[in-house]
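Worksheet: the structure to be examined is printed underneath.
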Amino acid sequence: MATSINPKDSTDDNTVTLISNSTSNSDHTSNQTSKHRNRRSLLLLLLVFILPILVAKLALENQWLDLGVTNQGKLLDQPLTLSQLGINESEYDKQWLIIYRLPNVCPEICLHSIEAVHNSYVALGKDMPRVSPVLLNKNIFSVQQSKQLAKSQWQILTLTSQMNNLLLEPQVLIADPLGNIILRHQLPEKIEQQAAFGKAIIADMKKLLKYSKVG
C-alpha cells in the first residue's frame, strides 16, 4: 500500500532544517567574531605595555633625548635582565628600578653615594610610586646603619654569587618594567662629584618616565 506524502509535512521539515542550519552558521560566525575580538584586545594590551618602553629605549639609543649631564648613564654593551641576576621582577609590580650594586665594603664615599641615589629617587616626586630603589649588598652595614636604611625606601637584597658574576664592580643600574636593565651609572670617585652623579640619575629617570607611561 503506497504511503501518501503530505506536502505540508515536507515543507515543515525543510523549514526546520533551514532554521537549524541558519542557527548553526550564526553561532559559528559569532564564535569567529569573538575570537578576532579577543586577539585584537590582546594585541592592543601588549602595545599599551611594550610600545612606550621600546620608544623610551630607542630614544636613548639614538640620542633623541637631550640628556646633557656630565655623569650621564651609559647603555649596556650586552643585554642583561633581572631574571639573569636572579631578581624576581614580579615582586616589583611592573615598576622601574634604580639598582645600586654596592662594593664589598662601604667607606664614607659609598655612604654618600647611597644618600645621593636615594635623594634622586625622592626628587622624582609624583613619579616615585612608579619606581623602586634597590640595594644589592653583602651584609656590609653595621646594626645602626641597617636600622637607618630600614627607615628609608630602599629595598635591600643580598648580593648573590650569581649577581656578583654579572656585576663585577659597584655601579648603579636602571631597569625597565619588563625586567630589562638598560642603563648603568659609574660611581663618583670623589665626594664633591656626588651632586652631579645624583642629577644624572634624576635626568635619566625623568626622561624615561616621561616617554614611557608604563610602570
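Read the figures in this text as sums done on the coordinates, not as results from a lab. Predicted model only: the values in this text are computed from it and were never measured. Cβ coordinates were reconstructed from backbone atoms using ideal geometry, including for glycine residues, and neighbour counts include every protein chain displayed.
Some notes on this structure:
- Solution diffusion estimate, µm²/s, Stokes-Einstein, the stretch 52-211, Kirkwood Rh from C-alpha pairs, 4 °C, viscosity 1.567 mPa s: 82
- Amide H partners (placed H, <5 Å) of L173, local residues excluded: I99, Y100, R101, H185
- Sorting the segments 101-113, 173-185, 145-157 by their mean number of nearby beta carbons within 10 angstrom, highest to lowest, gives 173-185, 101-113, 145-157.
- Flagged links, alpha-carbon separation over 18 Å, of K74/K207; K151/K190; K74/K138; K147/K190: K151/K190; K74/K138; K147/K190
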